[in-house]
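Report on the following structure.
Every read-out reported here was derived from the displayed coordinates using simple, explicitly stated rules and does not represent laboratory data. Fair warning: this is a prediction, and the values are worked out from it, not measured in the lab. Positions of Cβ are backbone-derived with ideal geometry, glycine not excepted, and every protein chain shown enters the neighbour counts.
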Amino acid sequence: MTLKIAPTLRWPAGVLLTAWAYMWRTTPIWRRETDGAWPADGPPPVDDDVSREGIQRPEDGAGPLFRRRYRARIAGAKANAEELIAAAQADPDAFAPGTLAHFRKQLGDEGTMRVGDEFVVHMPGPWNGPVRVVETTPASFRFATLDGHLEAGQIEWRARDEDGAVVFEVESWARGGDRLSFFLHDRLKMAKEVQLHMWTRVLERAAKRIDGRLERGIEIETRRVEL
């Protein structure tokens with residue numbers, strides 16, 4: 001598998017933007033890391049009717065697999081879980097931190113999300129990545145990474161109503177798409193910290209979108225699986 005060298009020209013901008021954003025972060029973040037196991041901590045299966053063309057499976061990547069869940073409890077919201085997910089399905093870019101990431105639809109109708117739709121997530125630095133929608137429900141949707149993405153795996157957005165609040169989670173199952181991205185993530189920690197900042201900002205924006213507040217900050221649970 002070839003290394004993705006060209007995007008390294010954009011690394012300094014991505015690192016500087018992330019460092020600047022960290023300086024101003026005020027949301028409490030609680031991290032927990034444990035060992036995981038394959039296949040229990042692997043991604044959910046993809047339905048047989050979904051095109052496999054171009055999908056990067058974890059088996060196609062390099063290094064350990066990380067199952068990571070970002071969780072926030074949103075209190076005082078003016079919308080329920082399904083309404084939050086409906087808004088995200090209609091326009092995931094509205095939830096993305098504009099200085100760090102943009103979702104651009106490449107395949108499928110605007111304003112809706114269906115299985116088979118494709119997006120490219122544009123980020124500063126070597127973090128751009130194409131994804132395909134492989135599942136949608138009233139309370140969730142899931143992407144699989146495609147060829148050219150720096151990760152091989154899947155990511156899911158989901159929400160549920162719980163005791164008068166909305167619990168919103170982003171969960172990923174992925175390993176480096178190649179040896180370079182594995183090195184950045186697991187050895188230099190660059191990609192890991194950029195991802196952390198992106199997804200925590202998504203949760204913050206979700207709370208704002210439904211006029212709620214993060215009740216206990218953001219919980220991040222990581223399971224590391226050696227393959």
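Hey, can you rank 51-62, 168-179 by average C-beta count inside 10 Å, highest first?
So the order, starting with the most tightly packed, is 168-179, 51-62.
Stokes-Einstein D for the stretch 44-116 at 37 °C, 0.692 mPa s, Kirkwood Rh over Cα pairs, in µm²/s?
Result for D is 209 µm²/s.
Given bins 5 angstrom wide, list per bin the percent of all Cα-Cα distances in the stretch 114-155, short to long.
Result returned by the calculation: 6, 25, 30, 21, 12, 5, 1.
Output ³J(HN,Hα) for the stretch 50-64: one whole-Hz value per residue in order, computed from phi by the Karplus curve 6.51 cos²θ - 1.76 cosθ + 1.60 with θ = phi - 60°, and x for Gly and Pro.
In residue order, the calculated couplings are 8, 4, 8, 4, x, 5, 9, 7, x, 4, 8, x, 9, x, x Hz.
What does the net charge come to around A90 if you take all other residues with beta carbon closer than 14 Å to its beta carbon, with K and R at +1 and D and E at -1?
-4
What's the Kirkwood radius of the stretch 80-164 in Å, using all Cα pairs?
For the stretch 80-164, the Kirkwood estimate is 13.3 Å.
Using the Cβ atoms and a cut-off under 13 Å, what net charge is assigned to the surroundings of F168, where Lys and Arg are +1 and Asp and Glu are -1?
Residues near F168 contribute +1 overall.
Multiply the residue separation of R160 and E83 by 0.36 nm, subtract the distance between their alpha-carbon atoms, and state the gained length in nm to one decimal.
Extending this stretch completely gives an extra 26.7 nm.
Name all residues of the stretch 137-153 having a backbone nitrogen under 17 Å from the label point set 7 Å from the Cα of V167 along its Cα→Cβ direction, giving them as ranges.
Once the point is set 7 Å along Cα→Cβ of V167, 139-141 turn out to lie under 17 Å by backbone N, inside the stretch 137-153.
Testing the spin-label approximation: label points 7 Å from Cα along Cα→Cβ at W38 and E110. State their distance in nm.
4.2
May I ask you to order 73-80, 38-45 by the average number of other C-beta atoms within 10 Å around their residues, highest value first?
Per-residue Cβ counts within 10 Å, averaged per peptide and sorted highest first, yield 73-80, 38-45.
Add +1 for every Lys or Arg and -1 for every Asp or Glu among the other residues with Cβ under 10 Å from the Cβ of F103, and state the total.
Surrounding charge for F103 is 0.
Using θ = phi - 60° and the Karplus curve 6.51 cos²θ - 1.76 cosθ + 1.60, what whole-Hz ³J(HN,Hα) does each residue of the stretch 88-95 get, with Gly and Pro shown as x?
Taking θ as phi minus 60°, the curve returns 5, 5, 5, 7, x, 5, 5, 9 Hz for the stretch 88-95.
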